[in-house]
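J.: Before anything else, here's the structure in question.
The values are calculated or read from the model by the stated rules, or taken from the named source; none is laboratory data. Keep in mind that what you see is a predicted model, and the values were worked out from it rather than measured. Neighbour counts run over all protein chains shown; Cβ positions are idealised from the backbone, glycine included. All accessible areas refer to the heavy atoms of the entire protein, side chains included, with ligands and DNA or RNA removed. Shrake-Rupley method; radii C 1.70, N 1.55, O 1.52, S 1.80 Å.
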Amino acid sequence: LEKDQLLLVITNAMNQVKLLKDNLMLKDQLLDKFHLDNIIGDHGSMRALFGIVRKVAPTSSTVLIYGESGTGKELFAKSIHYNSPRKNHLFFAINCASIPENLLESELFGYEKGAFTGALTRHIGLFEQANGSTLFLDEIGDLTLTMQAKILRAIQEKEIRRIAGKETIKLDVRIIAATNKHLEEEIAKGRFREDLYYRLNVIAF
């Protein structure tokens, strides 16, 4: 290997070691932090939500969480993950409303080197990173119909391809989605795919 290539390999290896150490250090904290006993709330409706989380956490079912921004949707998603059999894997999350469509596709599905201008190396997307774990898709109601179709295929077929990739990557990813929109109304207006809705709406609260 040339000097620059060798330095890159060493730097990548050191970064991976650091990430592994950080992940191991944080794991125990996360398991404790997102235990249901540590979520404050004694109202009847909150106790009912805790009951739902306890029931759905051990399963691999897709979950759809409704609620306005700032109401703790991601907190409940993390609680489901860290009380599930997937708790020893990292929790992955992305806000679908905050990223432009072309960047969102890259973030979710990854891409191969040379896929587009600026793609100097292979990028592993969140679906692939979350294999064996949980992927939280926040504000999924804001996705374009094009992105909805791509996410539907990934969930339905349990596989993806990176952008410009030829390899089919099999997936074992639990999807938890959240939205502040009434998806039934979005379907009626032609802004949300009914087939994706039924894939997501296995368990909803």
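J.: Within the accessible area of region 74-205, what % is carbon and sulfur when the probe is 1.4 Å and the other protein chains stay in place?
T.: Whole-percent figure for carbon plus sulfur exposure: 48.
J.: Could you give the spread of the C-alpha atoms of region 53-123 along their three principal axes, from largest to smallest, in whole angstroms?
T.: Between the extreme Cα coordinates on each principal axis of region 53-123 lie 46, 29, 16 Å.
J.: Between region 171-198 and region 51-69, what's the alpha-carbon centroid distance in Å?
T.: Answer, in whole Å: 15.
J.: Along the Cα-to-Cβ line of I124, 7 Å from the Cα, sits a label point; which residues in region 85-105 have backbone N less than 16 Å from it?
T.: 89-93
J.: Shifting gears a bit: Hey, can you find the accessible area per residue of region 58-108 for me, probe 1.4 Å, expressed in square angstrom?
T.: 46
J.: Next question, about the same structure. May I ask you to compute the full-extension gain from I187 to K55, defined as 0.36 nm times their residue separation minus their alpha-carbon distance, rounded to one decimal in nm?
T.: Here the answer is 44.7 nm.
J.: Which net charge results when you count Lys and Arg as +1 and Asp and Glu as -1 among the other residues whose beta-carbon is under 10 Å from that of N180?
T.: -2
J.: Here's something else I'd like to know. Quick one: work out the % antiparallel among DSSP beta bridges in region 96-180, nearest 5.
T.: If we restrict to bridges inside region 96-180, about 40 percent are antiparallel.
J.: Taking the highest mean first, how do the peptides 46-55, 104-113, 135-144 order by number of other beta carbon atoms within 10 angstrom per residue?
T.: 135-144, 104-113, 46-55
J.: Between Y66 and N201, 0.36 nm times their residue separation minus their Cα-Cα distance comes to what?
T.: 47.5 nm
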